[in-house]
Amino acid sequence: MQYPLGNMTNVPPLLASVTGPEALRALPEEALPTLAEDIRRYLVATVCASGGHLGPSLGVVELTIALHRVFHSPRDSVMFDIGHQAYVHKLLTGRQKGFEQLRRAGGLSGYCCRAESEHDLIENSHASTALSYSDGLAKARALAGERDRAVVAVIGDGALTGGMAWEALDNIGAAPERPVIVVLNDNGRSYAPTTGAVATRLAALRAPGPHPAGSDVFAAHGLACLGPVDGHDIPAVEEALRRARALDRPAVVHVVTVKGKGYPFAEADEADCFHAVGVIDPVTGRTRATASPSVRQPGSWTEVFGQELLALAEERPELVAVTAAMLRPTGLHPMAVAHPGRVFDVGIAEQHAVTSAAGLAMGGLHPVVAIYATFLNRAFDQVLMDVALHRLPVTLVLDRAGITGPDGPSHHGMWDVSLLALVPGLRVAAPRDTTRLKELLHEAAATDDGPTALRLPKATPGPDLEALARMDGVDVLHRSASRSLDVLLVSAGPTAGAAVAAARQLEEDEGIGSTVVDPRWIIPVNRTLVHLAARHHLTVTVEDNTRTGGFGSLLAQACADAALTTPVRCLGLPHAFVPHGTRTDLLADAGLDADGITSAVLRARTDCLTYDVAPLAGPVNGRRRPR
C-alpha cells in the first residue's frame with residue numbers, strides 16, 4: 001500500500017460516497033476491498049496528523065464494514081467496548097466531515113460520543129463494559145417485545161482479562177431468550193500481548209486443526225460459538241454475523257484480526273502496534289524527535305518514574321511492581337526487563353491488581369501499583385477495604401493525574417484525590433517537578449505502616465522549582481519581598497509553577513504580597529498549612545483535581561475545625577465532565593493558569609473586603625459563586 005507524502009485533506013471518492021450505513025449496504029461486494037484500502041489510507045493520513053489510536057482502528061476496518069452491512073444501526077445496537085477501535089465506525093456513520101479535527105477542541109471525540117451521532121450508544125471508554133451494557137439493553141428490549149432489534153457488543157480479547165466482562169457473560173449465557181451477539185475482536189493484544197489463561201485458551205482456539213472437547217470457554221458459559229474467522233475477509237465475517245443473528249440465542253463470533261493491519265510500521269511495532277500515536281510522519285512512522293511514536297520523550301514524568309523505580313528496585317529487593325495491562329504506558333518496562341520476576345501484568349483488571357498487591361504486601365513485599373488515575377476509580381473498594389483496612393504498605397502511582405488533554409472526559413484523572421481522601425490512613429503525594437517525584441517515591445517506598453499514592457501528570461516536565469525553605473515537610477516556593485502576610489497560595493503538584501507566576505503578578509502589578517507553599521504530601525492535611533493560613537488574610541488552594549471533595553476542601557475543613565476566620569478559596573477543576581482539548585487550554589478554562597489564579601485572588605480579596613463571606617463560599621474557578 002502506498003501512503004501519501006503529507007496529509008490527505010480530501011476524503012477518497014469511494015469513502016466519500018458512504019454517507020451512512022445505508023449507502024454502505026448499497027455498495028456491491030466487489031467494491032469493498034477498495035473501500036477498505038481507502039479507509040486505511042485516510043486513517044493513516046489523518047491520525048498521523050492529529051494523533052490518536054491508530055493501531056486498533058487499522059485492525060478493524062473490514063470487521064466494521066461487515067458489522068454495518070449485516071446490522072442496521074441505529075435500530076440494531078452496535079456497541080464498541082472502550083471505543084478506541086471506533087474510528088472506522090465514525091467514518092461509516094456520517095462523520096467524515098471534520099474527521100481531520102479528531103481529538104481537537106471542538107472536533108470529534110477520540111472515542112464514541114452520544115452527542116455526535118445516534119449510532120453511538122455508549123461513550124465510557126473504560127474497558128470490559130460493553131457486555132454489561134448489552135446485557136441490560138437486551139433485557140430492556142425483551143421487556144418491550146422488540147426481539148427484531150439486534151444487540152451487538154464488539155470487545156477485544158484484551159478486555160476479556162477484566163472481571164466485569166465475565167460477570168456479564170455469566171448473565172448473557174444464562175438467558176437464551178435474550179440473543180446478545182458478542183463479537184470478539186481477537187488480535188492477541190491490549191497494549192502489549194494479552195496475558196493470562198484466557199489468552200492461552202484463545203491462542204489454542206486460533207490454532208488450526210481439531211480442538212479437544214471442552215476447550216471452548218464460551219460454550220461452557222452457554223453461548224453458541226462461531227469461528228475463528230479471518231477478520232480481514234469481509235464476506236467471511238458477514239457470513240458469520242448473519243449466522244449468529246439467525247441462531248436467535250446468545251452467541252460469540254470469534255474474529256481474528258491484526259492490530260495495525262496494512263501499515264507496516266504499526267504491524268512491526270513491538271511495543272504496542274502504534275496503539276496510540278502522537279503527530280508522526282506517515283511515510284516514516286516516526287516523530288521528529290524519536291525513532292518510534294510508541295517511545296515516550298526522554299525525561300517525561302512517566303520515564304523519570306520508571307527509571308527511578310528501577311534504581312529503587314536495585315536497592316530494595318522487597319520492591320515489586322504491578323500493572324493492569326499497561327507495562328510501557330505506566331513506566332514499568334525498564335524494571336520488567338531488569339527484574340522480570342518482580343513485575344506482574346494482571347491484564348485489564350484494576351480491582352484484582354490492587355487486591356493482589358495487598359496479598360504481596362501481606363507476604364512481606366512492598367508492591368508499587370502503577371495505574372492511570374482515571375482507572376483507579378474502578379478499584380476504590382479494593383484500596384479502601386483490601387489495602388487500607390489492613391494498613392498494608394502498598395504504593396499507588398497514578399499516571400495521567402489531572403487533565404490529560406485530547407482523550408476527553410473518561411480519561412481525565414480528576415477524581416482520584418477526592419476518592420482517596422475518604423480512605424483512612426492513606427497518604428497522597430503530589431510532586432511539583434521530577435526531582436520531587438524521585439524524592440517522594442523514595443519516601444513512599446520507605447513507608448511500612450500503610451498505603452501511599454503519588455500523582456503524575458500527563459505533561460512535559462518543566463524546570464525544577466526549588467524551595468526557599470522547608471517547614472515541617474512543607475516547601476516554601478515564594479515569599480514576597482515586603483514580607484506581607486496578605487495571601488497564602490497553596491499549590492498541589494504541578495500547579496506550583498502557575499501559583500508562583502501568579503504570586504509575582506500580584507506583587508508586581510497589584511502590590512499584593514503573598515506566600516506560595518507546596519505541601520508535597522497533600523493527604524492528610526499538614527497542620528503547618530493551618531498555622532500558615534492563620535497568619536494570612538486569605539488562603540487560596542490550587543489543584544488539578546475536581547474542587548468537589550479535593551485537597552482544597554480538606555484544607556478548608558481543617559481551618560474550620562481550628563476555628564480560623566481566614567477565608568479559604570478553592571481553585572480546581574469543575575464539578576463536570578471536562579471535554580477533550582489541549583491540557584494547557586483546559587487548565588486555563590478552569591482558571592488554573594497564572595492569569596486565572598491572579599483573577600481569582602483579586603475577586604476573593606474584593607469579596608472579603610465587601611461581604612461577610614463564609615470560608616467555603618468563594619469563587620468557582622475564578623468566578624464569583626452566586627449567593
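The values are calculated or read from the model by the stated rules, or taken from the named source; none is laboratory data. Note that this is a predicted model, so its numbers are computed, not measured. In this analysis, Cβ positions are derived from the backbone assuming ideal geometry, glycine residues included, and neighbour counts consider all displayed protein chains. Keep in mind that these areas ignore ligands, DNA and RNA; they rest on the heavy atoms of the full protein, side chains included. Shrake-Rupley method; radii C 1.70, N 1.55, O 1.52, S 1.80 Å.
For this structure, a couple of remarks:
- Qualifying residue in segment 196-207 (condition: open to solvent by 30 Å² or more (accessible area, probe 1.4 Å), out of contact with any helix residue (DSSP H, G or I) (no Cβ under 8 Å at 6 or more places or on another chain) and in contact (Cβ under 8 Å) with a residue 24 or more places away in the chain): yes
- Every residue from segment 121-134 that is open to solvent by less than 20 Å² (accessible area, probe 1.4 Å) and touching a Leu at 6+ places or on another chain (Cβ under 9 Å): S128, L131
- Taken over segment 554-577, residues that are in contact with a strand residue (DSSP E or B) (Cβ under 9 Å, 6 or more places away or on another chain) and touching a residue at least 40 places away in the same chain (Cβ under 8 Å) amount to 15.
- For the residues M362, M335, M385, the requirement of being modelled with pLDDT of 95 or more and either buried (at least 23 other Cβ atoms within 10 Å of the Cβ) or β-branched (V, I, T) (or both) singles out M335.
- Condition check for D433: under 16 Å from I522 (Cα atoms) and open to solvent by 40 Å² or more (accessible area, probe 1.4 Å): no
- Matching residues in segment 181-201 - criterion: being touching a Leu at 6+ places or on another chain (Cβ under 8 Å) and either outside any loop (DSSP other than H, G, I, E, B) or farther than 25 Å from M326 by Cα (or both): I181, V182, V183, L184, N185, D186, V198
Matching residues to (1) open to solvent by less than 40 Å² (accessible area, probe 1.4 Å); (2) of a type in the set (K, R); (3) touching a strand residue (DSSP E or B) at 6+ places or on another chain (Cβ under 6 Å); (4) part of a loop (DSSP other than H, G, I, E, B):
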position	(1), (2), (3), (4)
A453	yes, no, yes, no
A459	yes, no, no, yes
V476	yes, no, yes, no
V490	yes, no, yes, no
P494	no, no, no, no
A502	yes, no, no, no
L506	yes, no, yes, no
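- Single match in P176, P193 (criterion: more than 28 Å from the chain's Cα centre (by Cα) and open to solvent by 60 Å² or more (accessible area, probe 1.4 Å)): P176
- Residue check for H68: under 30 Å from R147 (Cβ atoms), within 25 Å of the chain's Cα centre (by Cα) and open to solvent by less than 10 Å² (accessible area, probe 1.4 Å): no
- Boolean, A140 is farther than 25 Å from L92 by Cα and free of Cβ contacts under 8 Å to residues at least 24 places away in the same chain: yes
- Cβ-Cβ under 6 Å pairs, at least 6 apart or on other chains, segment 60-82 side farther than 19 Å from P228 by Cβ, far side open to solvent by 10 Å² or more (accessible area, probe 1.4 Å) and of a type in the set (V, I, T): M79/I122
- Qualifying residue in segment 235-253 (condition: touching a residue at least 24 places away in the same chain (Cβ under 8 Å), under 26 Å from T200 (Cβ atoms), of a type in the set (D, E) and not in a loop (DSSP other than H, G, I, E, B)): no
- Here segment 108-120 is the region considered, the condition is being of a type in the set (G, A, S) and without any contact (Cβ under 8 Å) to a residue 60 or more places away in the chain, and the residue that is surrounded by the most Cβ atoms within 10 Å (Cβ to Cβ) is S117.
- The set of residues in segment 294-326 that are at pLDDT below 95, open to solvent by less than 50 Å² (accessible area, probe 1.4 Å) and under 18 Å from the mean Cα position of the chain (by Cα) comprises S294, S300, A325, M326.
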